[in-house]
Every structure is written in C-alpha cells, then in structure tokens.
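Novice: Please find one structure pasted underneath; my questions will follow.
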Number of protein chains: 2
Amino acid sequence: MHQTPTAHRIDPATGAMSHAAGQYEKRLRDLAGIYGDAGAFDRATAAEGDRIVYRVHDVRPAAKHGDLIFGTTFMEPGRIGDEFYMTRGHIHATANRPETYYGESGQGVMLLETPEGETEVIEIGPRTLVYVPPMWIHRSVNTGSEPLVMSFCYPSDSGQDYEIIARAGGMAKRIVADGEGWAAIDNPDYRPRDAEEIARVYATTD
Amino acid sequence: MHQTPTAHRIDPATGAMSHAAGQYEKRLRDLAGIYGDAGAFDRATAAEGDRIVYRVHDVRPAAKHGDLIFGTTFMEPGRIGDEFYMTRGHIHATANRPETYYGESGQGVMLLETPEGETEVIEIGPRTLVYVPPMWIHRSVNTGSEPLVMSFCYPSDSGQDYEIIARAGGMAKRIVADGEGWAAIDNPDYRPRDAEEIARVYATTD
C-alpha cells in the first residue's frame with residue numbers, strides 16, 4: 001500500500017549508489033554537437049568514441065506529482081579542444097521545476113541560463129550544495145583533473161527537455177581551460193531565443 | 001524576474017550552511033512530552049533546560065508549488081533516561097510529500113511510521129541517503145556519541161504537521177540504548193489511530 005522507505009550508500013569517488021533503480025551512461029560518440037570544436041570532437045571520437053564521459057544513477061520512487069527523484073552523476077575529467085567535458089544539459093520539461101546538486105568529490109561548475117539568455121556560472125565541489133531555481137537551463141562541467149561526482153534531487157514530475165540547448169546553437173557561454181583554471185567565454189554559435197521559443201518554454205509551466 | 005541560483009557550503013561537523021535563510025533551535029524545555037520517561041525529562045530540564053537538542057538551517061526559495069526546500073539538521077548526542085535525543089518528528093501537512101535525508105556526520109536512525117501504524121527503522125550515517133516516501137511520519141534519532149548532522153530536501157508545498165505524533169501518545173516505537181547500540185521497543189503509551197484520524201490524514205493529500 002505505502003511505498004517502502006529506503007537507504008542508499010553513495011560512494012563519493014565513483015557515484016555508485018546502493019539499491020539504485022536506474023543507470024545510464026553517456027559516451028563520447030553520444031555527445032555529437034555539444035562541443036564548440038567539431039574537428040577536435042571528431043578526432044577524439046575516432047580515437048575513443050566508446051569513452052564514458054558521464055554516468056547517472058537514480059532512484060525514481062514514483063513518477064508522479066509530489067514525489068522526488070534522486071541520484072548521482074559521475075563525470076570523467078577531460079576536454080574536447082579547450083572545452084571541458086560536460087553533460088548534455090537540460091531544462092525541466094515542466095520548466096518551473098528546480099533541482100539541487102551536492103558536491104561529493106572533484107571540482108566543477110554548474111553553467112546556468114534562463115530562456116531569455118541570462119547566464120550564471122557557479123562552482124561546485126565537496127560539500128557545496130547548488131540550487132538550480134525553476135526556469136533555469138543547466139549543465140554540469142568537470143573543470144578539474146579528477147572525476148566530478150554530485151548527488152541530485154528534483155521533483156518527480158519535472159521531466160527533462162534536452163533539445164532546448166541544441167535549438168539555440170548551444171548555451172550562451174562555453175567553459176574552457178584557462179591556465180590552471182577555467183573561463184566562461186561567449187559561444188559564437190549561440191542564437192538567442194525568439195519570443196515564440198520563449199513562450200513555448202513558459203507554456204510548460206504550472 | 002527569475003530566482004537567482006545559489007551555492008551553499010555545508011559544514012559536516014556543525015550543519016552550518018552558508019547563505020542559509022532560516023535557522024531555529026530546539027532546546028530541552030521545548031520538547032516536553034516527547035520522551036517516555038517523564039521523570040528523567042523533568043530532572044534533565046531542571047538541570048539544563050536551555051540545552052540545545054537540535055538545530056535546523058534551511059533555505060526556502062519559494063513557498064510555492066513545484067519548488068524545493070533544503071537545509072541541514074544538527075543533533076546533539078544525549079539521552080533522556082534510556083531514550084536517545086530525537087526530533088519532534090512530523091508528517092507533511094500535505095501528507096503525500098516525501099523527503100530525502102543525507103548523512104553528513106555521526107550515526108543515527110530515522111524512525112518511520114505510517115498513519116495505520118506500520119513501523120520502519122533505518123540507520124543513517126555519513127554518505128547514506130534515506131528516502132522517506134509520501135505518507136510516512138518520520139523522526140530523527142541520534143544513537144551515537146557524536147553529533148548527528150544530516151542535510152535534507154523536500155517539496156516546498158509539503159508543510160509539517162507536528163501534532164500527529166502527540167495525538168497518538170507518541171510513535172509506536174521508541175529508540176533506546178541497548179549495550180553499545182540501540183533497540184526499538186514498543187511504546188506502551190501509543191494509541192493506534194482510529195479510522196477517523198486516518199481519514200483526516202488522507203484528506204490532506206492531492
């Protein structure tokens with residue numbers, strides 16, 4: 001009748017989560033089009049297209065209103081040209097749904113963007129909790145030399161829209177290597193969303 | 001127009017959270033009636049009623065549908081008679097709302113109970129994520145000799161009903177010292193909820 005309470009051990013080095021219900025991986029060849037340097041991407045994919053860039057474990061107790069989904073993201077360190085390994089990124093399919101990310105190990109940034117094109121870049125590391133408010137497109141970037149592992153939590157009726165970024169030619173900013181650190185630079189391929197596209201995002205909210 | 005993304009450092013030893021918006025403390029004298037041994041409680045309160053039993057930091061970005069509230073709970077170690085220090089406990093005011101708790105430091109248990117009286121006891125410690133499903137009354141207990149610190153996340157339209165436990169004479173089980181560990185024993189004061197009280201809980205759900 002009632003759902004059963006559960007406990008899950010998280011390994012901060014690998015993101016492995018005990019009793020996780022789901023798992024998926026993204027390999028280099030799955031991520032065509034997200035990096036700015038297409039030539040570097042093609043060369044990397046030809047050499048090691050099977051290479052895992054990130055892996056997600058999650059638990060989805062009930063895909064219904066009012067519940068929560070939680071899990072972990074493990075991201076390998078690496079670059080395509082100057083650009084750090086990153087997730088595809090998404091806005092929630094119901095766009096006014098938030099998400100929390102908590103740093104377990106490694107160093108990275110959360111790259112955030114509103115439908116109107118405002119950008120924020122927030123660093124995440126161990127014991128840092130990043131709050132992604134409703135309406136923000138977000139993508140995780142591993143800016144370190146070690147794996148970046150985070151746990152996350154979001155409402156179970158959020159959903160993911162992974163196409164919003166591709167339709168705009170990427171996010172407004174790219175996170176690239178800058179000496180020992182990182183810098184956010186303008187993405188020359190970015191096309192700001194027009195009023196119709198912005199209205200389409202707001203139409204998903206409740 | 002949009003809420004601002006935020007980052008919060010969590011101190012695993014104290015539960016302090018940077019940029020927390022709210023904080024409250026519960027002292028021994030605030031917790032009359034929750035422990036089984038009233039004499040031991042009265043003696044402890046006479047001696048040190050100002051003593052902090054637990055402290056909560058939280059961030060409530062928007063108290064509206066679809067958002068999340070997150071924060072930390074810091075619990076001192078201690079006992080009233082044989083019974084370990086614990087939180088008041090609650091069911092969500094909208095009872096079909098879940099919550100996640102993540103162990104930051106220390107050792108404890110989450111004591112859970114359905115309106116119908118089913119009980120679960122789940123251990124929590126560092127890197128353990130406990131999922132409290134919709135409809136479960138829950139209370140945290142510090143069974144260790146060090147502070148118990150957890151971070152938590154729940155839907156912002158959950159609310160808390162703190163009276164549901166008192167109305168039943170406590171929870172069905174009490175967590176008491178047992179040698180170097182803990183045991184869950186029956187609470188002789190517990191009065192199972194009748195059909196009317198159970199219906200009252202279900203009436204809050206959506």
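The values are calculated or read from the model by the stated rules, or taken from the named source; none is laboratory data. Here the structure is a predicted model, which is why all the values come from computation and not from measurement. Note that each Cβ is placed from the backbone with ideal geometry, even for glycine, and that neighbours are counted across all protein chains shown.
Novice: I need a count of the residues in the stretch A:117-138 that are more than 8 Å from chain B (Cβ to nearest Cβ) and either modelled with pLDDT under 95 or farther than 21 Å from A:SER156 by Cα (or both).
Specialist: 5
Novice: Taking the condition under 16 Å from the mean Cα position of the chain (by Cα), away from chain B (no Cβ under 14 Å), without any contact (Cβ under 8 Å) to a residue 40 or more places away in the chain and surrounded by fewer than 22 Cβ atoms within 10 Å (Cβ to Cβ), does A:GLU180 pass?
Specialist: no
Novice: Give the stretch A:95-106 a look and list any residue that's surrounded by 20 or more Cβ atoms within 10 Å (Cβ to Cβ) and under 24 Å from A:GLU146 (Cβ atoms), or say none.
Specialist: Residues satisfying the conditions are A:GLU99, A:THR100, A:TYR101, A:TYR102, A:GLY103, A:GLU104, A:GLY106.
Novice: Could you please let me know if A:ILE10 is among the β-branched types (Val, Ile, Thr), within 14 Å of chain B (Cβ to nearest Cβ) and under 20 Å from A:LEU148 (Cα atoms)?
Specialist: yes
Novice: Looking at the stretch A:39-86, which of its residues are touching a Gly at 6+ places or on another chain (Cβ under 6 Å) and over 23 Å from A:MET150 (Cβ atoms)?
Specialist: Hit for the stretch A:39-86 is A:ALA40, nothing else.
Novice: Which ones in the stretch A:84-98 are more than 8 Å from every other protein chain (Cβ to nearest Cβ) and either β-branched (Val, Ile, Thr) or part of a strand (DSSP E or B) (or both)?
Specialist: The answer is A:PHE84, A:MET86, A:THR87, A:HIS90, A:ILE91.
Novice: Still on this model: Across the stretch B:114-125, what is the total count of residues that are touching a residue at least 40 places away in the same chain (Cβ under 8 Å) and either more than 16 Å from B:ALA199 (Cα to Cα) or of a type in the set (Gly, Ala, Ser) (or both)?
Specialist: Total satisfying the criteria: 3.
Novice: Looking at the stretch B:128-135, is at least one residue crowded, with 22+ Cβ neighbours inside 10 Å, touching a Leu at 6+ places or on another chain (Cβ under 9 Å) and of a type in the set (Ser, Thr, Tyr)?
Specialist: The answer is yes; a qualifying residue exists.
Novice: Let me ask another. Answer yes if at least one residue in the stretch B:194-202 is charged (D, E, K, R), under 13 Å from the mean Cα position of the chain (by Cα) and modelled with pLDDT of 95 or more, and no otherwise.
Specialist: no
Novice: Looking at A:GLN23, A:GLN3 in this structure, which one is within 30 Å of B:SER151 (Cα to Cα) and within 17 Å of the chain's Cα centre (by Cα)?
Specialist: Being within 30 Å of B:SER151 (Cα to Cα) and within 17 Å of the chain's Cα centre (by Cα) holds for just one of A:GLN23, A:GLN3, which is A:GLN23.
Novice: Testing B:ALA16 on (1) more than 30 Å from A:ASP206 (Cβ to Cβ); (2) over 19 Å from the mean Cα position of the chain (by Cα); (3) not charged (D, E, K, R), one condition comes back false. Which one is that?
Specialist: With respect to (1) more than 30 Å from A:ASP206 (Cβ to Cβ); (2) over 19 Å from the mean Cα position of the chain (by Cα); (3) not charged (D, E, K, R), B:ALA16 is out only on (2).
Novice: Any residue that is out of contact with any Cys (no Cβ under 8 Å at 6 or more places or on another chain) and over 24 Å from B:TYR102 (Cβ atoms) - is there at least one of those in the stretch B:153-163?
Specialist: Within the stretch B:153-163 (the criterion being out of contact with any Cys (no Cβ under 8 Å at 6 or more places or on another chain) and over 24 Å from B:TYR102 (Cβ atoms)), the answer is yes, since at least one residue qualifies.
Novice: Find the residue count for the stretch A:46-77, including only residues that are basic (Lys, Arg), surrounded by fewer than 19 Cβ atoms within 10 Å (Cβ to Cβ) and either more than 14 Å from chain B (Cβ to nearest Cβ) or more than 19 Å from A:ALA21 (Cα to Cα) (or both).
Specialist: 1
Novice: With respect to B:GLU25, is the statement that it is in contact with a Pro (Cβ under 7 Å, 6 or more places away or on another chain), acidic (Asp, Glu) and at pLDDT 95 or above true?
Specialist: Considered against the rule, which asks whether it is in contact with a Pro (Cβ under 7 Å, 6 or more places away or on another chain), acidic (Asp, Glu) and at pLDDT 95 or above, B:GLU25 comes out as no.
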